[in-house]
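Engineer: Below is the structure I would like to discuss, written out as structure tokens.
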Amino acid sequence: MTTPIENPVAMLRSINDHTDIYKGIFLWCPGCEYEREDRKVSGLHLLPISGDGSKRPTWKWNGKLDTVGLEPSILTRTKRPDEFICHSFLRNGVWQFLGDCTHDLKNQFVPMVPLPDWVVRE
């Protein structure tokens, strides 16, 4: 009998977006995940952490995949159909959801969760 391998909380990927090549980190944000009657929205983020000559903004990463730390904050803002805001810091593997969030994790500290199987398999 084999022991199942737990999915990681973060993964690195090299991204080639036409002429823009950079490294990105995949993360699952529990604040950005939500479900409505008509659809489910995932909390998957791909954030650029480096880019040789890239003009896109990047996050400063602490170099750890098990206890990820990123700076500056991460801000997601959409209209779905109501305004949705998820604003957080990710420090040492813990999400700090800020007071301007419009979801239930507002003002809470939440440990990172493993990436879903469908992300890890790709």
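The values are calculated or read from the model by the stated rules, or taken from the named source; none is laboratory data. Just so we're clear, the structure is a prediction, and the values are computed from it rather than from any experiment. Virtual Cβ from ideal backbone geometry, glycine too; neighbours counted across all protein chains shown.
Engineer: Just checking, does the range 67-88 include any residue being of a type outside the set (A, V, I, L, M, F, W, C), at pLDDT 95 or above and part of a loop (DSSP other than H, G, I, E, B)?
Structural biologist: Yes, the range 67-88 has at least one match.
Engineer: Sticking with this one: For Lys23, all conditions in the list (1) modelled with pLDDT under 95; (2) assigned to a loop (DSSP other than H, G, I, E, B); (3) surrounded by 12 or more Cβ atoms within 10 Å (Cβ to Cβ) hold save one; what is the number of the exception?
Structural biologist: (2)
Engineer: Here is a further query. Could you check, for the range 109-122, whether at least one of its residues is surrounded by fewer than 15 Cβ atoms within 10 Å (Cβ to Cβ), more than 16 Å from Tyr34 (Cα to Cα) and among the basic types (Lys, Arg)?
Structural biologist: Yes, the range 109-122 has at least one match.
Engineer: For the range 79-93, which residues satisfy the criterion of being more than 26 Å from Asn16 (Cα to Cα) and either surrounded by fewer than 16 Cβ atoms within 10 Å (Cβ to Cβ) or touching a Leu at 6+ places or on another chain (Cβ under 9 Å) (or both)?
Structural biologist: Lys79, Arg80, Pro81, Asp82, Glu83, Ile85, Cys86, His87, Ser88, Phe89, Arg91, Asn92
Engineer: Moving to a separate point now. Name the one entry in Asn7, Asn16, Asn92, Asn107 that is on the phi > 0 side of the Ramachandran plot and either within 15 Å of the chain's Cα centre (by Cα) or modelled with pLDDT under 95 (or both).
Structural biologist: Unique residue meeting the criteria: Asn92.
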